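Data block below; observations after.
The values are calculated or read from the model by the stated rules, or taken from the named source; none is laboratory data. Computed from a predicted structure; not experimentally measured. Here the Cβ positions follow ideal geometry from the backbone for every residue, glycine too, while neighbour counts run over all protein chains shown. Surface accessibility is based on the protein's heavy atoms, side chains included, excluding ligands, DNA and RNA. Shrake-Rupley method; radii C 1.70, N 1.55, O 1.52, S 1.80 Å.
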Amino acid sequence: MAKIKHNNFLDTVNEVFTDAKQEGVLHLYAEGEEFSGRTIGIKNRKLFHFGTTGYLGLEQDSRLKAAAIDAIKNYGTQFPLSKSYISNQLYRQLEEKVTQMYQYPVIITKNSTLGHLGVIPSAVKDQDAIILDHQVHWSVQSAAKVLKNRSVPIDMIRHNDLNMLEDKIKSLSNKRKKIWYMADGIYSMYGDYAPIKELKALSIKYPQLHLYIDDVHGMSWIGKNGTGYALSELNELSENILLFGTLSKTFGASGAVLVCSNKKMYHEIKTFGGPLTFSAQLEPASVAAATASAKIHLTPEIYELQNDLRERVEYFNDLLQDTDLPLIDKNNSPVFYIGTGMPKTGYNFVNRLMNEGFYVNLGIFPAVPVKNTGVRITISRHNQKQEIKDLVEAMVYHLPKALEDTHTNIRRVCQAFKLDAKLAIENKSQDNLIVQLEDSISKIDQILWNELIGKQGIYDWDGLKFLEQAFRGNDLKEHNWKFMYLIIYDQDRYPILATFLTLGLWKDDMLANVSASKTIEDERKSNPYYLTSKVLSLGSLFTEGDHLYIDDKHPLKQQALNTLMRSLETLEQRFKAKMVVLRDFPENESLHPYFQGQGFVRVQMPNSCKIDLKDNETIEAFAAKLSSRNKRHLRKEILEFEPLLKIEVFKNCNKNQLNQVQELYGNVHQNNLGLNTFSFPEKLFENMSEHPSWEFITISLLDNPEKMIGVMLCYNNRNQTYVPSFVGLDYQYLMELHTYRQLLYQTIKRAIDLKILHIDLGMTASFEKRKLGATVEEKYAYIQTSDNYTLELMGILE
């Protein structure tokens, strides 16, 4: 029933990038009349350049420059014709030289992005399947997802997780002809490697496995003839491997190169490769520069350049080893990543380094998870040892200050990247605050809790006590939640912030599209905990509403928020939660910049609906306020059928009635893959029947009054708020008798009878609720995880 608005990936990226741009660390313009590679002009200053991907410095080589200039003089600035008709005069020599480098057939493409868009849809057939490493470059992911239109299954694994890859190969082996695994050779942010040798061994074990390796960041600085990291590990290119290299970046020119040893596939791609056929060809200057670079790659000079770079990389590594800087992956690539954790710490650190005279790259979402923001540093032959040493000294000095400026510490950074860190959070004073953290609502003062946060939903003091009893001591682990209650006071014991949290097992595809969840649910028939994770959440999967109380006028509000963040991170680490979720917030949430700066991604949840009634309002007076169109719906779809139905309200149910309630709820749960959660424990319904605040609005047929065809499970929050929490339906009667709409109407009548002025109708089905006068508000959650793979499954990165 739930109609989910799946998050627009571009909206999320736009928010993150806009924030970084406003901080002055993204979308900058280089300045100056010349560019040497060693320094770069930014904001009227010359900075030492530690952000290039031209690791060997060939883009400044006089031979490449001269070749490009001569090409423009002789052939013009472009050759405006598709390569399908004719290539410019310089192409043949470039193809010959690059082929000589690799010793395998090559196809030159305008750039790697267009290359992937041309190659992947041509190489992957409708009978095949694709598995993506979740950190493979966006250009590969984007090209692969085009094949969804051809019903090619596209799956994803966690980064470099070979066990997960093998499991997926096994599951696809009887269904698909070829299974393509797509990965980077060198990953562009952390500089870490794909396990190429292990992947090759898997492809031998499973002949259906084909490898598609994007090795643009491994090009030139390593390997025979500078042919890159992947080929240096493979030694030879078998027919089940497609390899992408680059003619830009450290190659020094422009363009990309596909290397393919399979003659049939090579012919198909070269003959007609989509964008490779119709897009513009490389400009003569780029072709000439690339040819000049290829000639260098074919001489012993390339090894001198590699060794020169290697010496600088080793020097940088040695310097870092003597510091406490959080280097995320130590290896011999020229790409380094120093973690900062939160985006706002990254902004601060980058700006500090620029003020000190060093330009570095900010690593930010979606290239990395939001909470894994950091600084990407690249070492090139342009960098001299003294400025490398000075950069390390500047980072050692400024990182602690950036952490202090943004109210965080190195321990939190280590937690974000799962590095070694000491944990400590208990009931104690922090920053002139008193922190109370309890594991049961019974340890919290009832009057205080209800005053701060218990005026709505099912999370007043009694409601939370009920939930604790229902979600503890069950047989299945998904039915057992850990409850935590956090109140932060000032030194006078005045509460500034209060919330409750739950730790539970969630389905990773909770917000994914229905078709994805259907596929995953098929796998869960034999493996019930497939793609599930422990999640630390404000509130719970049973509750909806404002789970966070903050005294906005208190002078220590900011410190209290910072303490909340530290507490969340410590609890996440302690309980090994995969994700932290803050919910449910309005679109104009004032804390949005703060949450985003703390490493949270905002995602849209189903709309929230509520009805506010007037004192002594009758159902007739309420109906009279509806629009003429909605009045017509009320008459024809609700009131016309009401005399045909038996409507009852049960405070307590017998065993037969409880079985029917549970069955009807199960129908809705199984039909609601748009919000895919685990079912609730059986004793929950029994406890509802025994609890004074719960009641059941039921619908039966007059000629069969013992058989329920619909039920609404409602909670009375101390006569302040009426909460129809969950619905159960017999779908046989849904369309015929409009039972869901009838239940909504009867819920309103019941609240009026009880003289309750506020009805919290919750999320989902807002279209139906609006027909009965509900006001609708967009709601958002903030999600923090160090795993973009989980965001992908949840439908956030689709």
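Quick check: is even one residue across the range 719-730 open to solvent by 10 Å² or more (accessible area, probe 1.4 Å), of a type in the set (A, V, I, L, M, F, W, C), under 18 Å from residue 669 (Cα atoms) and in contact with a Lys or Arg (Cβ under 8 Å, 6 or more places away or on another chain)?
Within the range 719-730, none of the residues are open to solvent by 10 Å² or more (accessible area, probe 1.4 Å), of a type in the set (A, V, I, L, M, F, W, C), under 18 Å from residue 669 (Cα atoms) and in contact with a Lys or Arg (Cβ under 8 Å, 6 or more places away or on another chain).
Of all residues in the range 697-711, count the ones that are surrounded by fewer than 24 Cβ atoms within 10 Å (Cβ to Cβ) and part of a strand (DSSP E or B).
Residues that pass the stated criteria total 7.
Hey, which of the helices (runs of 4 or more DSSP H) in the range 601-678, taking only ones fully inside, have at least 2 residues that are more than 28 Å from residue 732 (Cα to Cα)?
Answer list for the range 601-678: 619-624.
Taking the range 150-160, which residues are open to solvent by 50 Å² or more (accessible area, probe 1.4 Å) and out of contact with any helix residue (DSSP H, G or I) (no Cβ under 6 Å at 6 or more places or on another chain)?
150, 151
Would you mind finding the one in 427, 409 that is modelled with pLDDT under 95 and either crowded, with 20+ Cβ neighbours inside 10 Å or closer than 30 Å to residue 718 by Cβ (or both)?
That would be 427, the only listed residue that is modelled with pLDDT under 95 and either crowded, with 20+ Cβ neighbours inside 10 Å or closer than 30 Å to residue 718 by Cβ (or both).
Taking the range 586-597 as the search range and keeping residues that are open to solvent by 10 Å² or more (accessible area, probe 1.4 Å) and of a type outside the set (S, T, N, Q), which one is farthest from residue 22 (Cα to Cα)?
To start, the set of residues in the range 586-597 that are open to solvent by 10 Å² or more (accessible area, probe 1.4 Å) comprises 586-594, 596.
Adding the requirement that they be of a type outside the set (S, T, N, Q) leaves 586-587, 589, 591-594.
Details: 586: 23, 587: 20, 589: 19, 591: 17, 592: 15, 593: 12, 594: 14 Å.
My answer is 586.
Only one of (1) hydrophobic (A, V, I, L, M, F, W, C); (2) farther than 22 Å from residue 90 by Cα; (3) open to solvent by less than 20 Å² (accessible area, probe 1.4 Å) is not met by residue 327, so which one is it?
Just one mismatch for residue 327, condition (3).
Restricting attention to the range 573-585, does a residue exist that is under 20 Å from residue 471 (Cα atoms), assigned to a strand (DSSP E or B) and open to solvent by 50 Å² or more (accessible area, probe 1.4 Å)?
no
Could you pull out the residue among 144, 129 that is in contact with a Lys or Arg (Cβ under 7 Å, 6 or more places away or on another chain) and crowded, with 21+ Cβ neighbours inside 10 Å?
Result: 129 is the single residue among 144, 129 that is in contact with a Lys or Arg (Cβ under 7 Å, 6 or more places away or on another chain) and crowded, with 21+ Cβ neighbours inside 10 Å.
Keeping to the range 7-37, report how many residues are in a helix (DSSP H, G or I) and among the aliphatic types (A, V, I, L, M).
4
Going by the structure shown, is residue 294 over 30 Å from residue 408 (Cα atoms) and surrounded by 21 or more Cβ atoms within 10 Å (Cβ to Cβ)?
Numbers: over 30 Å from residue 408 (Cα atoms): yes; surrounded by 21 or more Cβ atoms within 10 Å (Cβ to Cβ): yes.
So residue 294 fits the description; yes.
Filtering the range 443-490 down to residues that are among the charged types (D, E, K, R) and in a loop (DSSP other than H, G, I, E, B), which residue is farthest from residue 551 (Cα to Cα)?
Across the range 443-490, the extreme among qualifying residues is 475.
Sort through 175, 170 and tell me the only one that's outside any helix (DSSP H, G or I) and among the basic types (Lys, Arg).
175
With the condition being modelled with pLDDT under 90 and of a type in the set (Lys, Arg), I'd like the strands (runs of 3 or more DSSP E) fully within the range 714-798 carrying at least 1 qualifying residues.
Working: elements: 721-729, 758-763, 775-785.
Here the list reads 775-785.
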